[in-house]
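Student: Sharing a structure below in structure tokens format, with a few things to ask.
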Amino acid sequence: MLPRGVKGNNKAKRARIIAEELKQRHYDVIVFQELFYQRSRAILLKQLKEKYPHQTRVLNKKSISFKTNGGVLILSKYPITETREITYRQKSGPDRLSRKGALLATLEVRGKKVQVIGTHLQAFGKKEIMYGQYQQLHDELLKPSLLPNVPQIICGDFNTLKEVPAQVPASLPANFEERIARYPVMLETLQAEDGPLKGTHQFSMDRPYNDLCTRRKEFRLLLDYFLIRPNQSAAHIPHRQITIIKKKWHKNHSDLSDHYSLEAVVKGL
């Protein structure tokens, strides 16, 4: 949901449909990305308030600013006892017009604390920028918020490739395969664990099959992850999967976002 002033495919209408779809599902926590647009954000928050009464502010929102907010927002069935946020300092291109960063919410789940972190990293930036954001996320949010036996679940659009897709276009960007090396650096820097996706859908940005993606239709990419730092707890993620939610909202469109959603089950809390 791009900010006001950016042309973009009936954002408010899609927000209403997304809210109705989420009401029918049984998630305990929802982490949104790219909720830059105030009207769409207000629609989602209002329609989901009854089911998800505990809601953060959108990431890095300022009252008066030439830049937009960070677009990340967390909704929960469980009480949110504390929030923290950071803004990434190193950015390039259009990302400089937003306050991308990371938002941490501490939840009280059946008497135990869990930290959920939503983040949105630089859109295919240079290696130095990506590595700098990984390091800042660890040093300024994950590490200072660390509590014994309190797991940290980190999710969102990391704009980091896990592997080269089986079918790629002949005209690859010069640094495409170099980007693969960033995934192990990301895990090592964050000191976090990933895991395999269940099911047949393995791409969170599946451009050939997503009708909101109008350029580079040949790319099928996995850019979104659920990572975990157990922090001496028994918490683990045995199930991760891509979930595709579609509903006709225009004669040419059924997809509700350009990335498909990612869901996970956390055990051992």
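Each reported figure results from applying straightforward, stated rules to the coordinates on display, with no laboratory input. None of these values were measured; they are calculated from a predicted model. Don't worry about glycine lacking a Cβ; one is built from the backbone with ideal geometry, like all the others, and counts go over all protein chains shown.
Student: Relative to the compact globular guide of 2.2 N^0.38 Å, what is the alpha carbon radius of gyration of the stretch 115-269, as a ratio?
Tutor: Values: Rg = 16.5 Å, N = 155, 2.2 N^0.38 = 15.0 Å.
Compared with the compact-globule rule of thumb, the stretch 115-269 sits at 1.10.
Student: Here's something else I'd like to know. Note the full-extension length gain between E188 and N252 as 0.36 nm times their separation in residues minus their Cα-Cα distance, in nm to one decimal. Provide the component values of the computation, followed by the final result.
Tutor: Details: separation 64, 0.36 × 64 = 23.04 nm, distance 4.23 nm.
That works out to 18.8 nm of additional length.
Student: Rounded if a/c is under 1.5, else prolate if a/b beats b/c, else oblate: with a ≥ b ≥ c from the C-alpha gyration tensor eigenvalues square-rooted, which is the stretch 55-146?
Tutor: Values: a/c = 2.69, a/b = 1.56, b/c = 1.72.
Since a/c reaches 1.5 but b/c is at least a/b, the shape of the stretch 55-146 is classed as oblate.
Student: Around D211, which amide H atoms from residues at least 5 apart in sequence, or from another chain, sit under 5 Å from its own amide H, with H modelled in the peptide plane?
Tutor: Here S254, D255 satisfy the definition.
Student: With both bridge residues required to lie in the stretch 37-159, what share of the DSSP beta bridges run antiparallel, to the nearest 5%? Could you put the intermediate results ahead of the total?
Tutor: On the way: 17 of 24 bridges.
Percent antiparallel among DSSP bridges in the stretch 37-159 is about 70.
Student: Dipole magnitude of the chain about its Cα centre, charges +1 at Lys/Arg Cβ and -1 at Asp/Glu Cβ only, in debye to the nearest 20?
Tutor: Rounded to the nearest 20 debye, it is 1200 debye.
Student: Can I ask one more? What distance in nm separates the simple spin-label points at H236 and K13, each placed 7 Å from Cα in the Cβ direction?
Tutor: According to this spin-label approximation, the distance is 4.6 nm.
Student: Right, here's the next one. Where a ≥ b ≥ c are the square roots of the eigenvalues of the C-alpha gyration tensor, would you call the chain rounded, which needs a/c under 1.5, or, failing that, prolate if a/b is larger than b/c, or oblate?
Tutor: Values: a/c = 1.30, a/b = 1.08, b/c = 1.20.
Rounded.
Student: Next question, about the same structure. For every helix of n ≥ 4 consecutive DSSP H residues, a contribution of -39,500 (n - 2.57) applies; sum these over the chain, divide by its total residues, and give [θ] at 222 nm rounded to the nearest 500 deg cm²/dmol.
Tutor: Numbers: 4 runs with 44 residues, N = 269.
Computed ellipticity for the chain at 222 nm equals -5000 deg cm²/dmol.
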